[in-house]
Amino acid sequence: MASSSEEVLVLYGSQTGNSEAAAEQLSSLLPSKLSTSDNRTLTSRCMHLDDFLELEQAKWTRLVIIVCSSYGVGQAPIGARKFREVCDTILERFGYDDVANDGNKNKMLSGVNYALLGLGDSHYTTFFRNPTTFENALSTAGATRVGELGKADASGTGDMEQSKVIERWIDSIWKDLQPIVDKPMTEEEGLKLKKAHEQTWKLCLELYKEWKQTNYYALIGLFLPLGGVLLGILVHLYLYGYTWGK
């Protein structure tokens, strides 16, 4: 019997390329660093956070790895600006509630597990604002963080130099990710991910109405019968003859 597969998405936003490089490294290493107890094949794709929302229509995988920096005065970098707006909206609507009070069971992103590596520069007072916003929004919406929240400072020196912090985080995160993918996804987990996808995509369509797609299948279903009627008339005229103007 052929083994099934499971995908892990690595999502990023990057202004200078450092977050992108770390995300691509994580994605390339993942299939060899993680294993499963039932011979499932683990695959990974790396993409912008905004592309995940728009092109993938927010189809969450059971495990997601996020790498993102702050830009300017705590803003989102290239490829993560719409994701930041979604996070801001989640916090505006639901507040910074303590998910420990009622658990994650019935929340929007229940069933989603994420690891988060944040980059920034402590020379700025808004050093970690964007990754912090992601962290707050995801946890408020019911997602569960896996492993340590990575903080890589561009102004760090010595052992805290940004590149060294990134490498240490990448080297250490696999042991925390392994239990998530070790066993096959249950039916309950699948239903939670379906709900997370539907509710996130619904929120996206509220914010970005231009993302709504024309339902071409519905249009085909509407006009196909009319086309059949027209074709029938033309065939009838051809078979039995008709001279226009008589």
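The values are calculated or read from the model by the stated rules, or taken from the named source; none is laboratory data. Fair warning: this is a prediction, and the values are worked out from it, not measured in the lab. Every residue, glycine among them, receives a Cβ derived from its backbone with ideal geometry; neighbour counts consider all protein chains shown. Heads up: the accessible areas ignore ligands, DNA and RNA and are worked out on the full protein's heavy atoms, side chains in. Shrake-Rupley method; radii C 1.70, N 1.55, O 1.52, S 1.80 Å.
Could you tell me whether VAL112 is surrounded by fewer than 21 Cβ atoms within 10 Å (Cβ to Cβ) and within 16 Å of the chain's Cα centre (by Cα)?
Criteria not met by VAL112.
Give, as residue ranges, the helices (runs of 4 or more DSSP H) completely inside region 12-121 that count at least 3 residues that are of a type in the set (Val, Ile, Thr).
81-94
For VAL86, only one of the following conditions fails: (1) open to solvent by 20 Å² or more (accessible area, probe 1.4 Å); (2) hydrophobic (A, V, I, L, M, F, W, C); (3) touching a residue at least 60 places away in the same chain (Cβ under 8 Å). What is its number?
(1) is the only condition that VAL86 fails.
Could you list, in sequence order, all residues of region 4-29 that are more than 22 Å from TYR71 (Cα to Cα) and over 17 Å from the mean Cα position of the chain (by Cα)?
Those that are more than 22 Å from TYR71 (Cα to Cα) and over 17 Å from the mean Cα position of the chain (by Cα): SER4, SER5, SER28, LEU29.
Can you tell me how many residues in region 14-54 are of a type in the set (Val, Ile, Thr) and either crowded, with 20+ Cβ neighbours inside 10 Å or out of contact with any Asp or Glu (no Cβ under 7 Å at 6 or more places or on another chain) (or both)?
The qualifying residues number 2.
Of all residues in region 136-157 being assigned to a loop (DSSP other than H, G, I, E, B) and open to solvent by 30 Å² or more (accessible area, probe 1.4 Å), which is farthest from GLY95 (Cα to Cα)?
Ranking the qualifying residues of region 136-157, first place goes to THR157.
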